[in-house]
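In what follows, a single structure is set out as structure tokens and then discussed.
Since every read-out is calculated from the coordinates, none of them should be taken as a lab result. In this text the structure is predicted, and so the values were computed from the model without any measurement. Note that we place each Cβ from the backbone using ideal geometry, even for glycine, and neighbour counts take in every protein chain shown.
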């Protein structure tokens, strides 16, 4: 059951649909452009705020706050790099980095080997086929 296509007629209804579509499209573009400009203005203000205004904490800096921490809390923070769990994680990270650098080169070698193997297998098959064809021709004669 094939339906016949109706010929296109440009009617008033089609014209209204196009106008509505264009109005919606323009509104979306306007909203997007205004949100982008707002983001740019906000980022400009944050740069200005970071450079010229005092921090949220007022005159205190991180160093001043750290100095006010009691010694029994400072000690674990200072010795965190000597913790066995931290040392284990750092060693694992280093091991993964070392393996990652050699992984790509190992994969490249494996790919090259696979390509060469497939290439030589194809050559070998074509030589065998050629030899078999020659033997069959000789047998026919």
Between residue 103 and residue 30, what is the label-to-label distance in nm when each label sits 7 Å out along the Cα-to-Cβ direction? 5.1 nm
Can you give the FRET efficiency to the nearest 0.05 for residue 94 and residue 68, using r as the Cβ-Cβ distance and R₀ = 35 Å? 0.50
Along each principal axis of its Cα atoms, how long is the range 102-141 end to end? Whole angstroms, biggest number first, please. 59, 6, 5
In nm, give the distance between the simple-model label positions of residue 9 and residue 138, each being 7 Å from the Cα along the Cα-to-Cβ direction. 8.2 nm
Simple spin-label estimate for residue 83 and residue 20 in nanometres, 7 Å along Cα-Cβ: 6.2 nm
